[in-house]
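The values are calculated or read from the model by the stated rules, or taken from the named source; none is laboratory data. Small disclaimer: the values here were computed from a predicted structure and weren't measured. Reconstructed Cβ throughout: ideal geometry from the backbone, glycine too, with neighbour counts over all protein chains shown. In case anyone asks, the SASA skips ligands and DNA or RNA and just uses the protein heavy atoms, side chains included. Shrake-Rupley method; radii C 1.70, N 1.55, O 1.52, S 1.80 Å.
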Amino acid sequence: MVTATHIPVQGARRHNRGVVLQALLRESSASRADLARLTGLARPTITEVVRDLLADGVVIETGQSQEARVGKPSVLLEVDGDAVQTIAVDLTSPDWVVGAVCAPDGRILVRQEIARDTAPDLPAAVAELVARLTSQAGCPVLGVGFGVPMDAASGDAAAFVSALSALPETALLPALAAAEADLAARAEAGYGDAEFLLVRLGEVVSTAIVSGYTAGADTARELAHLDVGGDPGRQCRCGNTGCVHAWLAVLEERMDAAGDEQTREALRIEAGEKLGAPLAAIVSALDLPQVVLSGTSSLMGRELCSAAESALTAARLRNAHVEVRCGTTEDTVLRGAAAQVLAAELA
């Protein structure tokens with residue numbers, strides 16, 4: 001027997017509000033009729049949600065649609081970029097902490113950096129950075145999003161969140177922290193419904209899954225210790241040899257020391273070959289059509305993507321093609337952290 005599931009009224013309103021906001025952020029602007037078509041929500045529901053969003057100042061009416069149609073012209077709506085902003089902090093670099101004030105659409109409005117070696121009490125320094133950014137925001141700040149490394153070895157996210165409560169300027173700001181792969185996945189997905197596996201090349205090689213509404217969810221997992229065979233000449237920190245992480249770390253060192261482009265291309269190809277095969281099992285199990293490579297590694301490039309795609313295809317059925325591409329979004333961790341706060345606080 002199937003038991004009916006009853007969603008609390010407040011939960012349903014919150015869900016509908018989030019669905020409408022995602023549609024508006026994805027489309028930039030839309031009428032009430034457009035929102036009903038895009039979201040599948042009933043017109044009375046759209047009317048109620050939009051009324052609340054207008055009252056909160058989150059959404060504004062921007063004029064009548066120029067589209068030719070019978071009847072009264074539709075009024076266009078969009079998220080007010082001057083109504084709310086977020087603070088994003090990228091803690092994934094071993095050398096720098098980057099903070100930014102972000103608009104609802106992900107644009108970085110103000111950007112500041114602090115060197116880790118100049119801040120003996122890093123959590124306190126980061127809290128002061130957030131306070132400065134908050135004072136530079138042009139409108140109320142919704143909250144703070146922290147992007148942290150997958151292994152969290154370079155800093156305890158809880159310490160950074162806790163440090164905010166020590167300053168009056170930041171004490172009341174909601175704070176969220178997430179692994180860099182999840183945030184990069186959220187940024188690359190935008191507000192669409194694409195499906196892909198994101199692979200983040202950093203201090204640790206990690207993955208995140210984007211499937212429907214899972215973008216930005218807690219799907220980040222470490223890929224580093226999948227054994228791809230051979231000996232990279234360095235033992236992995238897990239004690240084994242042949243792990244993806246050990247291979248890519250050695251190849252990146254060679255890349256940084258390479259003096260000619262031909263050698264660099266060859267190293268990217270080798271890295272792609274090592275990376276592609278272990279991804280095949282994940283992609284096959286989840287039936288994902290695309291892999292997106294992200295990160296600041298010097299191995300990133302067209303040759304890496306092409307070689308990874310060939311290796312992945314060879315490890316799967318030949319007629320089951322999966323595209324591998326490099327990410328196209330800049331400042332993915334910052335933008336993803338801002339989007340996470342936006343989704344949590346507005347939805």
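Taking the Cβ of Arg51 as the centre, find all other residues whose Cβ is under 14 Å away and add up their charges (Lys, Arg: +1; Asp, Glu: -1).
Values: positive: Arg13, Arg17, Arg32, Arg43; negative: Glu48, Asp52, Asp56, Glu61.
Within the 14 Å Cβ shell, the charges total 0.
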- So how far apart, in nm, are the two label points at Val75 and Leu167 if each is 7 Å from Cα heading toward Cβ? 4.0 nm
- Query: To the nearest Å, what is the center-to-center distance of the range 251-292 and the range 138-185, using C-alpha atoms only?
  - Reply: 31 Å
- At what distance in nm do the modelled label points of Thr328 and Asn240 sit from each other, each positioned 7 Å from its Cα along Cα→Cβ? 3.6 nm
- Taking protein heavy atoms only, a 1.4 Å probe, and rounding to whole percent, the accessible area of the range 14-64 owed to carbon and sulfur comes out at 44 percent
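Out of the total accessible area of the range 281-347 (probe 1.4 Å, heavy atoms of protein only), what percent is carbon and sulfur? Please list the in-between numbers first.
On the way: 1440 of 2960 Å².
Carbon with sulfur: 49 percent of the solvent-accessible area.
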- Rank-order 40-52, 79-91, 255-267 by packing density, defined as the average count of other C-beta atoms within 10 Å over each peptide's residues, highest first. 79-91, 40-52, 255-267
- Show the residues, 5+ positions off or on another chain, whose built amide H is closer than 5 Å to the amide H of Ala177. Phe146
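Subtract the Cα-Cα distance of Arg26 and Ala315 from 0.36 nm times their separation in residues, and report this length gain in nm to one decimal.
Working: separation 289, 0.36 × 289 = 104.04 nm, distance 3.55 nm.
Full extension of this stretch gives 100.5 nm more.
Just subtract the alpha-carbon distance of Cys139 and Asp260 from 0.36 nm times their residue separation and send over the number in nm, one decimal.
Numbers: separation 121, 0.36 × 121 = 43.56 nm, distance 4.89 nm.
38.7 nm is the gain from fully extending Cys139 to Asp260.
How much length, in nm to one decimal, is gained on full extension between Asp231 and Val250, taken as 0.36 nm per residue of separation minus their Cα-Cα distance? Provide the component values of the computation, followed by the final result.
Numbers: separation 19, 0.36 × 19 = 6.84 nm, distance 1.05 nm.
Full extension from Asp231 to Val250 adds 5.8 nm.
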- Message: Please check: in the Gaussian network model of the chain (C-alpha springs, under 10 Å), which one of Val101, Val210, Val228 has the largest mean-square fluctuation.
- Response: Val228
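Return one whole number: the accessible area per residue of the chain in Å², for a 1.4 Å probe. Before the final figure, lay out the partial values.
On the way: 16690 Å² over 347 residues.
Roughly 48 Å² per residue, with all protein chains present.
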- For the range 286-295, take each phi angle, set θ = phi - 60°, evaluate the Karplus expression 6.51 cos²θ - 1.76 cosθ + 1.60, and give the result in whole Hz per residue in order, putting x for glycine and proline. 9, 6, 8, x, 8, 10, 10, 8, 9, x
- Item | Sum of side-chain charges, Glu265 neighbourhood, beta-carbon under 14 Å (Lys, Arg +1; Asp, Glu -1) | -1
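How large a share of the accessible area of the range 127-207, in percent, is made up of carbon and sulfur atoms when the probe is 1.4 Å and the other protein chains stay in place? Display every interim value, and only then the final one.
On the way: 1600 of 2990 Å².
Of the solvent-accessible surface of the range 127-207, carbon and sulfur hold 53 percent.
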- Task: Calculate for the chain the 222 nm mean residue ellipticity that helices alone would give, adding -39,500 (n - 2.57) per DSSP H run of length 4 or more and normalising by residue count, nearest 500 deg cm²/dmol.
- Result: -13500 deg cm²/dmol
